[in-house]
Amino acid sequence: MEALKGNEVSFGLLFDTISHAVWVYDADTLNFLLVNNAAVRHYGYNCDEFLSLKISDIHVPNQIEEKRALLEALDPDNPSTGTWQHRTKDGRILEVEGTAHAFEFQGRLAVLEVSQDVTERKRLETELAQAQKLESVGQLAAGIAHEINTPIQYVGDNLRFLQEGYEAGSRALECYAELLRAAETGSITPELLSQVRQTLDECEVDYFGAELPKAVQQSLDGIDRVATIVRAMKEFAHPGYKKKVGADLNKAIANALIVSRNEIKYVADVETDLGELPLVMCHIGDLNQVFLNLLINSADAIREVLKDSDTKGLIRVSTRHIGNQVVISISDSGCGIPEGIRDRVFDPFFTTKPVGRGSGQGLAIARTAVVDKHGGSLRFERNEPQGTTFIISLPIEPAASPTLEKEEDEVIAGARI
Ligand SMILES: Nc1ncnc2c1ncn2[C@@H]1O[C@H](COP(=O)(O)OP(=O)(O)O)[C@@H](O)[C@H]1O
Ligand SMILES: [Mg+2]
């Protein structure tokens, strides 16, 4: 009996020193039966208040049904885990990861649940993902500036040419006006005619007449190009929405190709074969990052085989709609992935590139985005005679999972370009 009391004391001590909220509630009525100190601290209800509540009272309303379903299916031998949103007494929303065990407590079926507050971790993860994305835009910034500078330069040249053309045109018009005045007063002289002829020759009217429209067209094309690059960057760097939204992945790939053009164009030609795709429910910001990481890896791998030769390699990007999946492949004629490192390329910080060039994060980030966040797959194959193909498969509709997406349409806080 004494020993049992000792056990109870140790259990109580353990229960109350655990830093996560722990509670026991009735599996049928969902009434709280026991809560620990951490629950009181994190949720703001005192012990008595807690004991007058049900577990469903602290869940956000749109998750209660799912929670009930999960509890009904709870198997005593198999604890169930889920990510939930809880509401504290003062209305704050906590993101929690909960593990629920069914067991017998004081003669009835009850649930022991441990809830870990992961609000801060989730916020940091979101910030980190956004920071990584902006970092890659930052790394590409010099190339993008160059891409923008080229059209800006010829738009500038063309505007100067237009100015010259306008001045020549004005001079020619003045000349004609003088000729008209002379014609009206009947005072055209051979000297005047030859002077007009000479001025018109100097003004190169025919030349400007033929070239100016081309310069205007080229300038408009240049401005379109700049607008396309800026739009691609903006879409690329957009922090994204908390919930998945339907996105056009062909457009995302086109954007990634624009943003990385300066990294690729000196080492490889790009062939795209983009099939018709349905909108894919996804976090497009994460997938933008995946496409970019794979394209940059392909360019790096090709640069590795080209060394100083002045030929170019090839990057092929294709997209297909197959069943309820979208399959994207990015293939290169690069150095390939040696047998010995095939198992390690997805490891965080694994890189074969020199310091400053590779961070070893690209494929790790890509795998988290594709596999963990979208329930897709990411794998690679060897190309014959050389090179690598990375293949991404993504479900068009996300599979139902206990990890609920948030309903609000709110944009995750973060920098915007
Ligand atoms: N397309 C590719 N061709 C050859 N090797 C690749 C390719 N993609 C990735 N790798 C290999 O995988 C490693 C890890 O890639 P990644 O995670 O993107 O990091 P990083 O590019 O910074 O090295 C690379 O260093 C490289 O050895
Ligand atoms: Mg990389």
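Just so it is clear, none of the values below were taken in a lab; they were calculated from the coordinates. On a predicted model such as this, the values are computed, not experimentally measured, just so you know. Here the Cβ positions follow ideal geometry from the backbone for every residue, glycine too, while neighbour counts run over all protein chains shown.
Here is how the numbers come out for the structure above:
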read-out: Order of His374, His42, His321 - criterion: other Cβ atoms within 10 Å of each residue's Cβ, fewest first; value: His321, His42, His374
read-out: Order of Asp286, Asp201 under a 10 Å beta carbon neighbour criterion, fewest first; value: Asp201, Asp286
read-out: With Cα atoms, 0 to 90° folded angle of helix 190-203 axis to the chain main axis; value: 30 degrees
read-out: The chain - percent relative contact order, Cα under 8 Å, separation 6 or more; value: 12 percent
read-out: Relative exposure of Phe236, Phe208, judged by other C-beta atoms within 10 Å (fewest first); value: Phe208, Phe236
read-out: Label-zone membership for region 201-228, site Leu159, 7 angstrom Cα→C-beta point, backbone N under 19 Å; value: 212-228
read-out: Normalised per residue, the volume of the convex hull around the Cα set of the chain (Å³); value: 237 Å³
read-out: Dmax and Rg, reported as Rg then Dmax, of region 214-350 (C-alpha, Å); value: 16.9, 56
read-out: Net charge of neighbours whose Cβ lies under 14 Å from the Cβ of Phe390, counting Lys and Arg as +1 and Asp and Glu as -1; value: +2
read-out: Over region 2-117: Kirkwood hydrodynamic radius from C-alpha pairwise inverse distances, Å; value: 14.5 Å
read-out: GluC sites (Glu not before Pro) within region 190-253: DSSP coil, no more than 16 neighbouring Cβ in 10 Å; value: Glu204
read-out: Violating pairs (Cα-Cα greater than 29 angstrom) within the set Lys265/Lys353; Lys89/Lys234; Lys243/Lys265; Lys67/Lys251; value: Lys89/Lys234; Lys243/Lys265; Lys67/Lys251
read-out: Table column - 3J(HN,Hα) (Hz), region 250-265, Karplus curve with 6.51, -1.76, 1.60, x for Gly and Pro; value: 4, 5, 4, 5, 4, 4, 4, 5, 5, 5, 9, 4, 5, 6, 9, 5
read-out: Folded to 0 to 90 degrees: helix 284-306 orientation relative to the chain principal axis, Cα; value: 60 degrees
